[in-house]
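Notes follow once the structure below has been shown.
Coordinate-derived values only; no laboratory data. Everything quoted here is computed from the prediction, not taken from an experiment. Glycine also receives a Cβ, built like all others from the backbone with ideal geometry; neighbour counts cover every protein chain displayed.
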Amino acid sequence: MPLRQYFLELKINERIYKMNIGFYPGCSLKGSSKEYNESVLALGKALDIEFEEIKDWNCCGASSAHALSKELSLSLPARVLALAEQQGLKEIVVPCAACYNRLSTTQYELAQNEELREEIAKIIDMSYKGGVKILNVLQLLQRFASDVIESKVVKPFSHQVACYYGCLLVRPHKILQFDQVENPQIMDLLMSKIGATPIDWAFKTECCGGGFSVSRTDIVSKLSGNLLKDAVDRGAKAIIVACPMCHSNLDMRRPEINEYLNANIEVPVLYITQAIGLALGLSPEALGLERHFVPVSLI
Amino acid sequence: MSKIGVFICHCGENISGTVDCEKVATELSKVEGVAYSTDYKYMCSDPGQTLIKEAIKTHHLTGVVVGSCSPRMHEVTFRKACAEAGLNPYMCEIANLREHCSWVHEKGEATTEKAISLVTMLVEKVKKNKPLTSIQVPITKKALVIGGGIAGIQASLDIANCGHQVILIEKDPSIGGHMSQLSETFPTLDCSQCILTPRMVEVAQHPNITLYTYAELEKVEGSIGNFQATIRLKAKSVDPKLCTACGLCSSKCPQKKIPSEFNAGLGTRTAIYVPFPQAVPNKPVIDKEHCNYYQKGKCQVCQKNCPTGAIEFDKPDELITEAVGAIVVTTGFNVLGTDFFPEYGYGKYKDVITGLQFERLASASGPTLGEIRRPSDGQIPKKIVFIACAGSRDPAKGIPYCSKICCMYTAKHAMLYQHKVHEGESYVFYMDIRAGGKNYEEFVRRAIEEDGVNYVRGRVARVYEKNGKLIVKGVDTLLAGAQVEIEADMVVLATAGVSNQGAEQLAQKMHISYDPYKFFAEAHPKLKPVETNTAGIFLAGACQAPKDIPDTVGTASGAAVKVACLFSQAQLIREPLIAVVNRSGPPSFSTCVGCFMCETACPYHAIEREEIKNRNGEVLKVVAKVNPGLCQGCGTCVAFCRSKSIDIQGYSNEEMYAEVMSLFNN
């Protein structure tokens, strides 16, 4: 086969392969973090990644289900995974860190215990094999963007940034097997490829308060406040996240945080997809930047 | 025609309580080939043994079966009695009527029937038994000790003081090992160098010890009593006979910034160097990896300056072969493993150091001459945090086992710090305090109560730098999980003790087993703590698992005694219960077809290849041969042999078959 044709075919194969990536938005991306959804899709388009949304998907159970009932907390994600299997998807992208965590945990637990697997399959009344590969946004970008991203940058994101991973993206390591659990690096690496300077800071994987955003805003103010302060003290001009809950706590709860700290921190919080999108020249509107509570003044 | 004698023991009432011993003896007398059968109250007693001896002589017995307790108890006794009466001891077998019958069954007909069967089986076996003679192996009375730390030093001195020759090899330029790096030792706080260096000198001067430093084991062949060890003497590039250790070469060497191994990276050394002033031998070597001449082809400043012309570049490594009878492995351990916890910032922050580095800071021979000064700016730290179990006892992120020495050395470190910096504050984060050992618990209490070290029970989550301080974030589990933040000037990690680099390769070279953590495995964790599964190779010190100095020295002396025991025999006498490959006359010579499946199967590397030649020296056939010195009689080869050419002496297929078939024939 002539070399040229070989590469052409390779490219076609790659496209077919890419088209097969499933997409599970989850509730947050349809609601409070609509801009995350917009930026993931916009970036996917810019990078030639085509998503296929899982049809008839349901809530993963988020932070509530696993506090109420084990069966429920496993059945909800299991149904999503079973739907993906039905749709013939080999891998799915789950941008929300909480959904990613719940789906992965379910897959792990059901792989460990055959009896439980059968029980859950009965509850959801669907066949479940458990072979779908679950990717978070960082893994997606690492695979499809890290090689090409540098060449596509039109407006380098040349700011000092604090890459904030939070809890759900890396823990528990036994299940997720993603990056170094206490000292993750992938987001830092991706950000440095678009011209940013990731700072060395202490709260990379600390908790922001998570699901307490509504019920115990005081705890969120304290936890998120401490980490924001450390990032700002060390010169961060933006916080980069990959989790809707981290984002809403750091962004939406800013007034409460500033009150707790008795300060006026104005540092914006961006999803990694928004930061990369900006660097690739996408418009702030396409990336949903105007939806933030803390204005993004870096553009 | 066999003439078997059967002797049924009552064992007081232990057997006769549930088994009708008289009936067993009567029934057995009816078995074909039994010439004499009797019972007695205590067969192991002197009159009992005499009974057996007399019967052998009177009835010209060709075999003996004793129905008594377990052969583990009295097989030796009865076989000795038989031998004294002129019968080959391996023609005597023990039927276990106590543990296998009377103790485990109710009194009754069936129990007696079982006893009869057990004895009958052995009678049938003895009919097929062949007289065996014990194996004699000559011994080379010279020991090889691998590793010149305190374990190797102690083992070498003990063996040498028993009057035997010792070859001690050490991979580094000096002996001394980790102990030479330590400041003070727990629980007495005596100076490590003061108790170690005299022994190092003793090793160098002992007439029975040949010391090879900068040397490594290349390969080992042979077996217990007769090993051939090939040793690589790495080129030192300095002729020790000409060198007067004046030190001019090191002072002129332009490569001055190499991290010093002896100072655990806290100090520097030159490319031509003596690792520390008290080194034995106190002669320099050239580190080829850092030497300008070896790397770039020019420099030779040391050669130009050497007043005696001792520098010899480009000399190749030398390989020597030594015949030794026993090997003691004392290759020690390592205290690295900082990558288990990247969040503690080792490598990122200069003032986060390991326990071994703290030893060097506290040592009078260290880079700060014993003053506790932090590496970043040389300031005396006002607050130190010690983190115990930085990797140990953590199956998720580190290693699951306990490194054993850290609780004690951390208490010692905190204590030394408090003694040297009176106004200083020290904190120890710990999981549990494991201070099992003579005066150990008292030592830790002393650190807490007298020296005011603050012990915090809990784990540290993260160490980070803020405004020039190291913030140690952790939890105090005794205060209901309260979060603790300490602004420290220095953090010391009690990193896990791990196996030494190259341990796995060394174990494979010597065919000794090792555990999943690459620590060498002892033959039995309790009753054979210094033996390996390979006869003639012994272990001592921290190559088995992390050990403190007392335990290390204890095992080293233990291994030395095992070597001395071995060497005290004129010849090695072993039980002949080993595998043999059958041999016959021409044309087949043996049923062995030379497939050497047995060679693959043998865990002791006892299978050799034997060439059968005719008178003209032409090879007619290659067959397997079992080295009697190595074979442990496990029988794996027997199971693997496709042509049924191997048998275990004393447990041959024929014998076992006869034994089992007797159950069906009656």
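Rounded to the nearest 10 degrees, the angle from helix B:549-568 to the longest Cα principal axis of chain B is 40 degrees. Projecting label points 7 angstrom from Cα along Cα→Cβ for A:I219 and B:E113 puts them 7.3 nm apart. Karplus-based coupling profile of segment B:384-389, in residue order and whole Hz: 10, 10, 9, 10, 7, 6, with θ = phi - 60° in 6.51 cos²θ - 1.76 cosθ + 1.60 and x standing for Gly or Pro. Were the residues from B:E13 through B:E289 laid out at 0.36 nm apart, the gain over their Cα-Cα distance would be 91.8 nm. Cross-link pairs exceeding 24 Å in C-alpha to C-alpha distance, out of B:K23/B:K130; A:K174/A:K222; B:K80/B:K528; A:K55/A:K122; B:K125/B:K528; B:K3/B:K23, comprise B:K23/B:K130; A:K174/A:K222; B:K80/B:K528; B:K125/B:K528.
Which ordering of B:D451, B:D287 is given by a fewest-first count of other beta-carbon atoms within 10 Å?
Numbers: B:D451 15, B:D287 19.
Ranked by crowding around the Cβ, least crowded first: B:D451, B:D287.
Once every DSSP H run of n ≥ 4 in chain A is given -39500 (n - 2.57) and the sum is divided by its residues, what mean residue ellipticity at 222 nm do you get, rounded to the nearest 500 deg cm²/dmol? Don't skip to the end; give the middle numbers.
Values: 15 runs with 152 residues, N = 299.
The helix-only estimate for chain A comes to -15000 deg cm²/dmol at 222 nm.
Taking 7 Å steps out from each Cα toward its Cβ at B:E22 and B:T50 produces label points 2.4 nm apart. With a Förster radius of 41 Å applied to the beta-carbon distance between A:N20 and A:R291, the computed FRET efficiency rounds to 0.85.
Take the alpha carbon atoms of segment A:266-288, find their center, do the same for segment B:629-666, and report the distance between the two centers in whole angstrom. Answer, in whole Å: 78.
Label separation (B:K41 vs A:N58): 8.3 nm, computed from points 7 Å beyond Cα along the C-beta direction.
Considering only DSSP beta bridges where both residues belong to the protein assembly as shown, give the percentage that are antiparallel (nearest 5). Just about 45 percent of them are antiparallel.
Put the Cα centre of segment A:122-160 next to the Cα centre of segment B:129-204 and the gap is 58 Å. Given a Förster distance of 22 Å, report the FRET efficiency between B:M656 and B:V580 from their Cβ-Cβ distance, rounded to the nearest 0.05. After rounding, the FRET efficiency stands at 0.90. Other residues within the sphere of radius under 15 Å centred on the Cβ of B:Y273, judged by their own Cβ, net out at +4 (K and R +1, D and E -1).
Between B:L242 and B:E202, the FRET efficiency from the beta-carbon distance, with R0 = 22 Å, is close to 0.30.
Net length available on complete extension from A:D233 to A:M126 is 33.3 nm, with 0.36 nm assigned per residue and the Cα-Cα distance removed.
Ranked by how many other Cβ atoms sit within 10 Å of their own Cβ, fewest first, the residues B:K348, A:K122, A:K193, B:K625 fall in the order A:K122, B:K348, B:K625, A:K193. Cβ crowding within 10 Å, taken as a proxy for footprinting-reagent exposure, orders B:H413, B:H605 from fewest neighbours to most as B:H605, B:H413.
At full extension, B:K438 and B:D339 could sit 32.3 nm farther apart than now, given 0.36 nm per residue minus the alpha carbon distance.
Between A:P172, A:T197, A:V214, the Cα set farthest toward the positive side of the dipole of segment A:149-291 (charges on each charged residue's Cβ, about the Cα centre) is that of A:P172. The HN-Hα couplings worked out from phi for segment B:497-502 by the Karplus form 6.51 cos²θ - 1.76 cosθ + 1.60 (θ = phi - 60°) are x, 10, 5, 6, 4, x Hz, whole numbers, x standing for Gly and Pro. For segment B:394-463, rounded, prolate or oblate, judged on the Cα gyration tensor with a ≥ b ≥ c (square roots of eigenvalues), a/c < 1.5 rounded, else prolate if a/b > b/c? Oblate, since a/c reaches 1.5 and b/c is not below a/b. In segment B:97-244, Cα pairs under 8 Å separated by at least six residues give a relative contact order of 19 percent. Working from Cα pairs under 8 Å separated by at least six residues, relative contact order for chain B is 13 percent.
For segment B:593-598, putting each phi into the Karplus relation 6.51 cos²θ - 1.76 cosθ + 1.60 with θ = phi - 60° gives couplings of 9, x, 7, 6, 4, 4 Hz, in residue order, rounded to whole numbers and with x for Gly and Pro.
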